[in-house]
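Please read the structure below before turning to the comments.
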Amino acid sequence: MANDFIKLLGKKNLFIQGDEAVVYGALIANCRFFAGYPITPATEVAEGMAIWMPKLGGIYIQMEDEIASIAAVIGASCTGVKSMTATSGPGFSLMQECIGYACMAEIPCVIVNVQRGGPSTGQPTEAAQGDVMQAMWGTHGDHQVIALAPKSVQETLDLTIEAFNLSEDYRVPVILLLDAEIGHMREKVVLPEITDIRVEERVPATIGADKYRPYRTGFTRSSKVPEFAPFGSGYKTYVTGLTHDKRGFPVTTSAEVHEELVRRLIEKVHDDIDMIWYYESSFLEDAEIIVVSYGTTSRPAVSAVKMARKNDIKVGHVRLITIWPFNYEKMRNLLKNAHTIIVPEMNLGQMIHPIREIVERNTKVISAPKIGGAIHTPYEILKIIEGNKN
Amino acid sequence: MSFTSNSLIIEKYLRKDMLPTIFCTGCGIGSVMNFALRAIHDLNIDINKTVFVSGIGCSSRIPGYIYSDGLHSLHGRAIAYATGVKLANPELKVVVFTGDGDCGAIGGNHFLHAIRRNVDLTVISINNFTYGMTGGQVAPTTPLKSKTTTTPYGNIEYPIDLSMIAKVIGAPYVARWTTAHPVQCISSIKKALQRKGFSFVEVLSPCPTSYGRLNKMGTTLDMTKYFKESTINIKLYEKMLAEGKITDKIVIGEFVDIEKEDFNTKYKKFCSDLK
Amino acid sequence: MKAGIRISGFGGQGIILSGVIVGKAAVLDGFNVVQTQSYGPEARGGFTRSEVVISDEEIDYPKVESATVSIIMSQEAFFKYALRTKREGIIIYDPELIPDNRIEGNFKLAEINATRTASELGTKIVANIVMLGAFNEVCSLISKDAMIESIKDSIPKMLDLNLSAFEAGKKKVKIKT
């Protein structure tokens, strides 16, 4: 299958920034609607989209704020067009209400958050991983999003494509968590072979319009994800953020309807957790100490683990690629033989919480926080590893 | 205008399993929905290619009752959602129902910018001077001295004029009527639906339950009387101005009706120029 | 092989672009490359740094700790980064921008009057390219062909001027010991 963007770009070996890799990944995934608002360090995503979208017959629009951006993205997605926005902390905070809407109404969309130092306006040009908990819990009410955290520019491109796939597969907002470091970092990127790319398209409604119930499941797919009839296809779909029944109609005072809906919104993702929970591990066989990291922080973490191994320290590494939902069972298994878990993060300790929840009572879980903008040096992590060997 | 029976409108356009509506007795929102559907019917607009978008509030429930694609979005965001729908699929006719608070307060900025871009939307703003769904609080359109649950001693804030805002920012079609002017209102909605670009129809509508009750206009009849007595047609108003007379009545009528290239047309042109 | 190049100066000098050119050239030579940057909110003035890590293996840690080569274009950056160069590493600087360039340690020092050379060519803005010419002359990490290819790809406008700046840098750089 031909890919319009790869054809238009005309080259495969690139030296690009993380933010540009987001653009390329999205366009390869056939994203054809981008709405955004300038914000450091995510602006390069908008700039890239402004260059390419008009050449591909897609829409680029700079909205009046971040709320309008995600709102327009949801509106566009309702017509069946793959849609995305990109922002950083302050804008991500503004988007939260609409992210909840996309969860409730099951509108696929991709939200890129190139994290910077917070809270508030904080450090616009400096990297941080302070929005990890917000990505999961930022919008009100019970819900489940999917969040991915790449560690390199190449992986940013690959995971952007995957973000669209997961968003289409599960009809959930997928949040791609970069940080200022990776957003602005340039690396060699090789575009995937067209045959190697999985580009998932939305599953359309196939049932007759008269029998169509927008939120009934089990027709075109076996999962708890309903089929989708884009606006204008004659299915007359009503979409609301209110608690709704299978017809999509507001039913706001029935406990049964509410519980059935909200449980399904969560279960549709959790049922497949082993398929969508991506991770990487190394040196776990005999590891007594395990470093758990995600995103940019994984790079000094890997360096530190390799250095420690050279010094004969039995240390292993687990890197979370899918950070939400958190795979409790799998993580418990991966970490069960270690006496110490070290969690380096560019925040004062966020992902450490679910890890603390799953380890055995006598396992030591050590937070290795770093804030202010600089990423951990391998030596800083190595020192903690060395300080905890038996 | 040919006469179309209510039962035909109900049969053809309403989602009957959603009825009855949540609107109070005497509420004007149902009338405005009726006006809009009659306009659509008269123009023979393909309902399968029409999307009704709304925010939050009483008037924002309208899309739920119309048997078509509907997007009941978040408070204030209807126009931003609608912008996404229209840009992503220019073939769709996009009609926004929004209240005065939805459009003028929490969604004010989206209103300004959609007009600035001239997105091809028909925005019907139902102005009942109050926040009806939450029980009658002060709105940006509440007249001075009016009582609401949050201005128990009378409103001291100057109200905004949504139609004048639409006019000065450059909307190609702007009109304001009241539910006491059904014929004019339907005629304006028809013009709005046919006008490419951002068309805006503001309809003053009674909320006897909240606004009316607190301001000694507890029935629809009282409010209809108020609409008749306290409004003045733009043509008459301009004549008065020319004669040097002033009035504090609310001006109604058609304020703008011009041709202006819309966003989708401009975007399409500039994309083909790139190639 | 693993090398780190740190380019530093102030905003508006083309520090980040220089890092991009070096990085892209290293990719053309077949290396793995990571280029990162640090800058303040100002578009002009303010402190700017760009780092390029080049390796024939996978690069985990993306930052330069002790630089193999330091390319320095302001006095403040010299004070901050000259000493964060590896033993026997190369420090390339513009002595007219950095009058106080005394330094002790086992470094190879290379002087290039980049700003003046660029002005003589017609515009100060190509001073960074003069620096890159000097870099390519005193250090064999990256091939000349790749550097020129990368300049062509990165700054297609005013290509002749930039290529002259690059050649001038190569010719005029002086090694001090």
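The values are calculated or read from the model by the stated rules, or taken from the named source; none is laboratory data. Computed from a predicted model, the values in this text were never measured in an experiment. Cβ: placed from backbone, ideal geometry, glycine included. Neighbour counts: every protein chain shown. The accessibility values were calculated without ligands, DNA or RNA, using every heavy atom of the protein model including side chains. Shrake-Rupley method; radii C 1.70, N 1.55, O 1.52, S 1.80 Å.
Of all the numbered requirements in (1) within 13 Å of chain B (Cβ to nearest Cβ); (2) buried (at least 24 other Cβ atoms within 10 Å of the Cβ); (3) touching a residue at least 40 places away in the same chain (Cβ under 8 Å), A:E97 misses one, and that requirement is (2).
Once segment A:33-80 is narrowed to residues that are within 7 Å of another protein chain (Cβ to nearest Cβ) and touching a residue at least 60 places away in the same chain (Cβ under 8 Å), the residue that is nearest to B:C271 (Cα to Cα) is A:T79.
Residues in segment C:79-102 that are of a type outside the set (A, V, I, L, M), under 17 Å from C:A114 (Cα atoms) and open to solvent by 10 Å² or more (accessible area, probe 1.4 Å): C:P95, C:E96, C:P99, C:D100, C:N101. Among the residues of segment B:27-67, those identified as buried (at least 24 other Cβ atoms within 10 Å of the Cβ) and of a type in the set (G, A, S) are B:G28, B:A36, B:A39, B:S54, B:G55, B:G57, B:S59, B:S60.
Restricting the search to segment B:181-240, which residues are on the phi > 0 side of the Ramachandran plot and either among the hydrophobic types (A, V, I, L, M, F, W, C) or at pLDDT below 95 (or both)? Give the steps one after another, and end with the answer.
Let us first name the residues in segment B:181-240 that are on the phi > 0 side of the Ramachandran plot, namely B:197, B:216.
Correct list: B:K216 only.
It is to be established whether one or more residues within segment B:62-69 are under 16 Å from the mean Cα position of the chain (by Cα), within 9 Å of chain A (Cβ to nearest Cβ) and within 22 Å of B:N109 (Cα to Cα). Among the residues of segment B:62-69, not one is under 16 Å from the mean Cα position of the chain (by Cα), within 9 Å of chain A (Cβ to nearest Cβ) and within 22 Å of B:N109 (Cα to Cα), which makes the answer no.
Enumerate the helices (runs of 4 or more DSSP H) found wholly within segment B:207-275, keeping only those where 1 or more residues are charged (D, E, K, R) and within 14 Å of chain A (Cβ to nearest Cβ).
Numbers: elements: B:220-229, B:234-242, B:263-274.
Hits in segment B:207-275: B:263-274.
Of the residues that sit in segment A:287-335 and are small (G, A, S) and in contact with a Lys or Arg (Cβ under 7 Å, 6 or more places away or on another chain), which one is nearest to the other protein chains (Cβ to nearest Cβ)? So, considering only residues that are small (G, A, S) and in contact with a Lys or Arg (Cβ under 7 Å, 6 or more places away or on another chain), the one nearest to the other protein chains (Cβ to nearest Cβ) is A:S298. Inspect all residues belonging to segment B:39-56 and state whether any of them is away from chain A (no Cβ under 11 Å), closer than 25 Å to A:T253 by Cα and either over 13 Å from the mean Cα position of the chain (by Cα) or in a loop (DSSP other than H, G, I, E, B) (or both). No: zero hits. Scanning segment C:1-20 for residues that are over 20 Å from C:K86 (Cα atoms) and facing chain A (nearest Cβ under 10 Å), we see that the one that is modelled with the lowest pLDDT is C:I16. When restricted to residues that are within 14 Å of chain A (Cβ to nearest Cβ), surrounded by fewer than 24 Cβ atoms within 10 Å (Cβ to Cβ) and touching a residue at least 12 places away in the same chain (Cβ under 8 Å), segment B:86-104 contains 4.
Look at segment C:148-170: where a residue is within 18 Å of C:E137 (Cα to Cα) and a partner is outside any helix (DSSP H, G or I) and of a type outside the set (S, T, Y), sitting 6+ places away or on another chain with Cβ atoms under 8 Å, you get C:N162/C:I155; C:G169/C:I112.
There is no residue in segment A:336-346 that is more than 14 Å from chain C (Cβ to nearest Cβ), surrounded by fewer than 21 Cβ atoms within 10 Å (Cβ to Cβ) and of a type in the set (G, A, S).
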